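These notes concern the structure reproduced below.
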Amino acid sequence: MSSVTDQIEKSTGAAEIAAVVAASAPRRKSALRMLLSDAGACIALALVVLAILGAVFAPWLAPTDPYGNDLANTLKPPGDGAFLGTDGQGRDMITRLLFGLRTTLMMGFASVSFGCLIGGVIGFAAAYYPSISGILMRLMDVLLSFPAILFGLAIAAIFGPGLTAVIIALSIATVPLMARVVRGSALVVLQQGYIEAARSLGLSDLRIILRYVLPNCLSAMFVFVTLRFGQVILLGAALSFLGLGAQPPTAELGAMAADGRNFLFFAPHVSVLPSLVIFAVVLAFNVLGDALRDALDPKLRK
Amino acid sequence: MTKLSALLLAGAAAATLSAAPAMAQQKAPLQILRVIDADRYDPIRSTATAAAEVLYMLADTLVTVDFDMKTIKPGLAESWTISPDGKTYSFKIRKDVKFCDGRPMTIDDVVYSLKRWVDPANKSPVSFRGGQVQDIRADGDSTLIYELKEPYSDLIFQMALSFASIVDKNAVESLGANFGVQGFNGTGPYCWVKWTPRQELVLKKNPHYTWGPPIYKDPKPQVDDIVWKIIPEPNTLMAAIQAKQADVTYYTPYIALDTMQKIPGFTVQRQENYIYDVFMGFRVDKPVASDKAIRQAANMATNKEAISKAIFFGKGQTLPSLLNPSVLDYDKSSADKMPKYDPAGAAKLLDEAGWKPGADGIREKDGQKATFTVYGIRNADNPRISEAMQADLRKVGIDMKIQLWDATVAWGKLATQEFDAFLMSYPYVTATEALGLYFPSRQIPTPNRMNWKDPKTDDLIRQAATATDDATRKQAIGAVQNQLTEANVWVPLVTQPLWVVATDRVEGARAHGLYGAGLYKGLDIKLKR
């Protein structure tokens, strides 16, 4: 076991190792109970659920048309006709926030899904086939050395700014992180006796990975996905703030914060409200991710 | 809310004040704030407003433009005559002019500078503004002969722009590509001291300068030192001027002007004749934009009045026609042909043209959706202008897609054939200049991004440009304005107002605005302390 740990140490960061090793133990029934016993985690979970519900049902919840304009009523402060005020085009802020949240979460969901899918495949392949591990992981190291913002700029320059560009950039930025986590986690699982047994039974590689390795790595992946979601939302909002993401009239929290920047002194709510929503959602995902890691860590549970 | 704004403003002002040293003890330099720097300050190499606004102070032109933006006044040339065939201009050049380094300006410097401007070998992006030049030569030691192959009615106005500045041949040759980057020697009221790109440009008074144009009360500069300072973020710029960290700016966000007018210790003035127009141009050979009904409906559905009020916070002025009413040879009758705001009429027009609403509310005709993509530069106003237009057009079933680009890539993108329409704002001095720039077929693909190819337009613009009398020119360019207005090639939107905000330390700052240069030559400005 110690040799395996050493091996992982060489290619992954110490913090990730701790999370991976801790979480790679099989989940137990008490995990959910432990999660729910944490008040912070419960609030975070409630916020996340609320945000997702708000985003999903935005078209039904929103009081007005998110894409119309009302130039006679621009930059109205909260309470003056509209509960949270209006933006620079005279659109209701509640409507824009709901739709903004929808776009932001969708962007996060798409980026994390694509990034984790590709990163997961690479991670399992690198763990299962040592011969290609070196090349794959060095490639991941190369990817890791590019900041996501730089990816965003490059992709926006090629395809033009837009949500697609941001999703591609964030997916690429997620791939190496996921690959590392999965590889580290899978390497531990691959040392177990039942894998040896499965191999001696003559099961195919794919079957071993899908049937035995993947389920035992899920908890680590789950923790990573939750934490990554918060980071991706923040990065996506930053890219949109720079004008690389959602294009008008699409509401997106980062882009909305950027729009309001021009009237910061005169109508601060246009910038502050979407920024607060980003803050709350990211914080909720981070707290939830931390709580999940703790709940799934057998050492902490003891 | 007003209280909150005031509090925030006061806080920002206090924060910047505390960071600033006490500046008022001695006559500190006149600090002018702006948001963007130029790439260089060589008159023939940069088309940027940011270059022009400094170049007018660094160098002089043969003629100048009065505050009405229509009257040409003497500059380095005391007087001038134009031959009856309109091909030969003779300028009588002043003899008392000296460069910043003290060397007297000679007729050779004038010939050199103008030849440098129009010589194709120099590949200047603005050489076309000099017309079809046959020869530029000296006649004696104080007369310049500017000879054209064909008459060019716009020449005298073009001569007033910074591109035709007179520069020192020695400085140009010794600095080479670094002229206007590492140094500059001109005959302007102020001299180049030091440039830190994207930060500041320092100028000092030209001690020899006594030949200021007659549009000013005092022909001599009154300020010892000037610092042009860059603050790229408009809110920060506003806080800095509020804190009196700087003395004057014409880049205050429009939203702040009302507040600035109410604060004691500031003067806020507007240049009524400022010409910097915003329009959306259609590419007339693209599938949807080629349909005149779509273009006309766009003109009818766009609430230009509301845009000028909401986006420019009541400080904007709606363009009644293709061009600015303040410009020379503006044709009033064309304004009558400009479709008025009428969304219901626009919907009816589209119905009649066969554009029927689809399931998603967007109109369709022969399987083609009423969708077009507009490109533009991502500046402070374009996102809001385009979004307002987008919502207006959506109400009549036209889907306008917006793609705004960072200034670094925007010009390249605007030279492609990818878009169906584009947003643009531009300064100009005459109707012939504006339309002669954008509409001749030889200017395709840029700046004629409309791909407007019409022999009648070409002919009329040529007639106006080569006219030897005012009436012919006015009539020809007026006809172009009518033709293009009827064709709805553009959606003229707003003229961007110029507002100069100055602190009470400054006296005599008057808004000018030629080619976007708010303070023009900076004469008559005095510092009280």
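Observations, loosely collected:
- Over chain B, Cα pairs under 8 Å with separation of 6+ residues give a relative contact order of 20 percent.
- Expected 222 nm ellipticity per residue - DSSP helices of 4 or more, -39500 (n - 2.57), all of chain B, to 500: -8500 deg cm²/dmol
- Per residue, the convex hull volume that the Cα atoms of the protein assembly as shown enclose (Å³): 203
- The value of relative contact order for the range B:276-495, using C-alpha pairs under 8 Å at least six residues apart, is 34 percent.
- Dipole axis of the range B:276-495 (+1 Lys, Arg; -1 Asp, Glu on Cβ), positive-most option in B:ALA479, B:GLN390, B:GLN317: B:GLN390
- Most mobile listed residue (A:LEU177, A:LEU242, A:LEU98) in chain A, GNM with C-alpha springs under 10 Å: A:LEU242
- Calculated over the range A:26-89: convex hull of Cα atoms, volume per residue (Å³): 138
- Peptides B:339-351, B:157-169, B:378-390 ordered by average Cβ neighbours within 10 Å, highest first: B:157-169, B:378-390, B:339-351
- Calculated FRET value between A:CYS42 and A:ALA197, using beta carbons and R₀ = 60 Å, to 0.05: 0.90
- Helix-only [θ]222 nm of chain A, DSSP H runs n ≥ 4, -39500 (n - 2.57) each, per residue, nearest 500: -24000 deg cm²/dmol
- 10 Å Cβ neighbours from other chains, averaged over peptide A:254-262: 2
- For peptide A:263-272, the mean count of partner chain Cβ atoms within 10 Å of a residue's Cβ comes to 6.
- Applying a 4.7 Å cutoff between beta carbons, the unpaired cysteines of the protein assembly as shown are A:CYS42, A:CYS116, A:CYS217.
- Scalar couplings 3J(HN,Hα) for the range B:349-354, obtained by applying the Karplus form with A = 6.51, B = -1.76, C = 1.60 to θ = phi - 60°, are 4, 5, 4, 5, 7, x Hz; x denotes Gly and Pro.
- Cα-only Debye scattering, chain B: base-10 log of I(q)/I(0) at q = 0.09, 0.10 Å⁻¹: -0.68, -0.84
- Spatially proximal aspartates and glutamates relative to B:LYS453 (Cα-Cα < 20 Å; intrachain offsets below 8 disregarded): B:ASP285, B:ASP291, B:GLU418, B:ASP420, B:GLU433, B:GLU486
- Each of B:LEU30, A:LEU163, A:ALA291 was placed along the dipole of the protein assembly as shown (beta-carbon charges, centred on the mean Cα), and the one lying farthest toward the positive end is A:ALA291.
- Assigned charges on the beta-carbon of Lys, Arg, Asp, Glu; the range B:276-495 dipole about Cα centre (debye): 260
- Filter on B:LYS262/B:LYS401; B:LYS337/B:LYS401; B:LYS229/B:LYS340; B:LYS123/B:LYS456 - keep pairs with C-alpha separation over 32 Å: B:LYS262/B:LYS401; B:LYS229/B:LYS340
- Span-rule helices in chain A, defined as complete DSSP H runs reaching 30 Å or more along the axis (Cα) with Kyte mean at least -0.5: A:93-128, A:163-190, A:214-241, A:269-296
- Simple Cβ-charge dipole of chain B, Lys/Arg +1 and Asp/Glu -1, about Cα centre, in debye nearest 20: 980
- Average 1/r across all pairs of distinct alpha carbons in chain A, invert it, and you get the Kirkwood radius: 20.8 Å.
- Per-residue shielding of A:83-93, expressed as the average number of other chain Cβ atoms within 10 Å of the residue Cβ, stands at 2.
- Positive-end residue, chain B charge dipole about Cα centroid, Cβ charges, pick of B:LEU76, B:TYR146, B:VAL181: B:VAL181
- For the range B:406-479 and the range B:380-397, distance of Cα centres in Å: 24
- Choice from A:SER240, A:SER200, A:SER275 showing the highest fluctuation, given a GNM over chain A with Cα pairs closer than 10 Å: A:SER200
- Fraction of beta bridges assigned by DSSP in the range B:276-495 that are antiparallel (%, nearest 5): 65
- A Cβ-based charge dipole, computed about the Cα centre of the protein assembly as shown with Lys and Arg at +1 and Asp and Glu at -1, lands at about 1820 debye.
- For the set B:LYS115/B:LYS149; A:LYS76/B:LYS244; B:LYS369/B:LYS395, the pairs lying more than 20 angstrom apart at their alpha carbons are A:LYS76/B:LYS244.
Each reported figure results from applying straightforward, stated rules to the coordinates on display, with no laboratory input. None of the values given here were measured: they were computed from a predicted structure. Note: ideal-geometry Cβ built from the backbone for every residue, glycine included; neighbour counts use all protein chains shown.
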